[in-house]
Amino acid sequence: MLTIPGQRVRFCDGISRRNFLKIGGLALGGLSMTDILRAEAKAGVGSSHKAIIMIFLPGGPPHQDMYDIKVDAPSEIRGEFRPIKTSVPGIEICEHLPRMASIMHKLVPIRTIVGSDGSHSSYMCMTGHSPRSRPMPQGGWPSVGAVLSKLKGPVDRSVPPFVGLAPKMGHMPWADPGSPGFLGKAHAPFQPDGQGMANMVLNGITADRLADRKAVLRSLDRLRRDIDASGMMEAVDAFTQRAFDVLTSSKLVDALDVEREDPRIRERYGKGNPKNVADGGPRNLEHFLMARRLVEAGVRCVTLAFSRWDWHGGNFRRGKEDMPMLDQGVTALVEDLDSRGMLDDVSIVVWGEFGRTPRINKNAGRDHWPRVSCALLAGGGIRAGQVIGETNRLGEVPKNRPVHFEEVFATLYHNLGIDPETTAIPDHAGRPTFLLNMRKPMPELV
């Protein structure tokens, strides 16, 4: 395992040495970075840099209060929010999403997502499959980020292909950034908020001081000089060399450092609040900006979790708080990618694990409703400026065009340059396993 020298200390053998940072500090599931890279080398890699940003809304957002408001329903169904017109004639969405309304020609709301089994987790939003699906491949279904890591590999050897920004939460199934499933630990997401980053010390510089670029660069220069002089790098294998490249490259650190962004761009995204909401995720708008920076640096998949949408009480109070923030973050991300000429290559999906009950409960909340939910898509070359699906008068079930989670994934894989109809990956037993059961992309979008 590669280690990185820090302060000089005296060991029990009497030899003066530096203290060390182990590359294994960036470990996943008990594997060091070097172990992960060695395992990753067994996978095929590609070259195109299509990418996806997955925005998970933990708890299940209220479909009928966002993109499918039922103005003619009884008051106990309809709720407080009113629809507003958008940039696309005939499409109306919630009054608390005015920025999305202004760029509806770049978006696609889906009002009729089906297939949820009611599991209170991110699993379906990351894989397209139910965690209770049968038959289940040994090791479980891989997330879209793991599939991209497996089939496409890294764009840049110093930047991981899959990054998960969701922090730990009180309800941990919401914090899952996307598991590697049967693809193995080599394709697990890199998590900047993980224990490894928290413990990272580089010549006395802790993770929370990485913004001090001059100090970091001086430290890296000393490190490289020491290693070059010792001939150490000649003695380590190619995987340890690559692990060294990841840790000492400024590219990943810079991408994670939103302080380096143009202040005008940062203001457009806003900051939000990095603290978790109850047992859910943070309202961290800087994660939207960080996602763009990571993709620009070479990451193929970024997943993040925004707030907590399990509103059994105070549905409309919470909606007035969270919807404008989500509105700002998503709109800034879409417009930013578009202005950089990246939107056709980067797919964005915003959704939760299920919808909410049509009837408002006694606590002014809405409860779990797996029968139908919603999603928002943008980018990836899709035909934007349309709405897909319609629920019945009370928002209970699809009136037309139900869209299964797997259909959305088939479309996303298509956008990413992966043919969902023909692509199969060997499972643990070597049997070719298709990524999805429903493998045709949505004809309305491609």
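The numbers here are math on the coordinates, done by the rules we state, and not lab data. In this text, all values refer to a predicted model and were calculated from it rather than measured experimentally. Using ideal geometry, Cβ is built from the backbone for each residue, glycine included, and neighbour counts are taken over all protein chains shown.
Counting Lys and Arg as +1 and Asp and Glu as -1 over every other residue whose Cβ lies under 14 Å from the Cβ of Gly395, the net charge comes to +2. The slack in the chain from Arg134 to Arg317, taken as 0.36 nm per residue of separation less the alpha-carbon distance, amounts to 62.0 nm. The amide H of Val277, built 1.01 Å from its N in the peptide plane, has Arg283 as neighbours under 5 Å, considering only residues 5 or more places off or on other chains. Neighbours of Ile382 by Cβ distance under 14 Å: Lys/Arg scored +1, Asp/Glu scored -1, total -2. Only the Cβ atoms of Lys and Arg (+1) and of Asp and Glu (-1) were treated as charged; on that basis the dipole of segment 293-436 about its Cα centre amounts to roughly 780 debye.
One decimal place: the segment Arg264-Val397 gains 43.6 nm when fully extended, by the rule 0.36 nm per residue minus the C-alpha distance. Annotation: amide H-H contacts under 5 Å for Ala166 (H modelled 1.01 Å from N, sequence separation of 5 or more, or interchain): Ala305.
Under 5 Å between amide hydrogens, built in the peptide plane, is the criterion, and for Ile52 it picks out Cys301, Val302, Ser347 among residues at least 5 positions away or on other chains.
The mean sequence distance of close C-alpha pairs (under 8 Å, at least 6 residues apart), as a share of the length of segment 266-328, puts its relative contact order at 33 percent.
When only alpha carbons of segment 308-446 are considered, Rg and Dmax amount to 17.8, 53 Å.
Across segment 411-419, rounded Karplus estimates of 3J(HN,Hα) from the backbone phi angles (6.51 cos²θ - 1.76 cosθ + 1.60, θ = phi - 60°) give 5, 5, 4, 4, 4, 8, x, 10, 7 Hz, Gly and Pro being marked x.
Evaluated over segment 59-189, the count of Lys pairs having alpha-carbon atoms less than 26 Å apart is 7 (only pairs 8 or more residues apart or interchain). Subtracting the Cα-Cα distance of Asn361 and Ser339 from their residue separation scaled by 0.36 nm leaves 3.6 nm.
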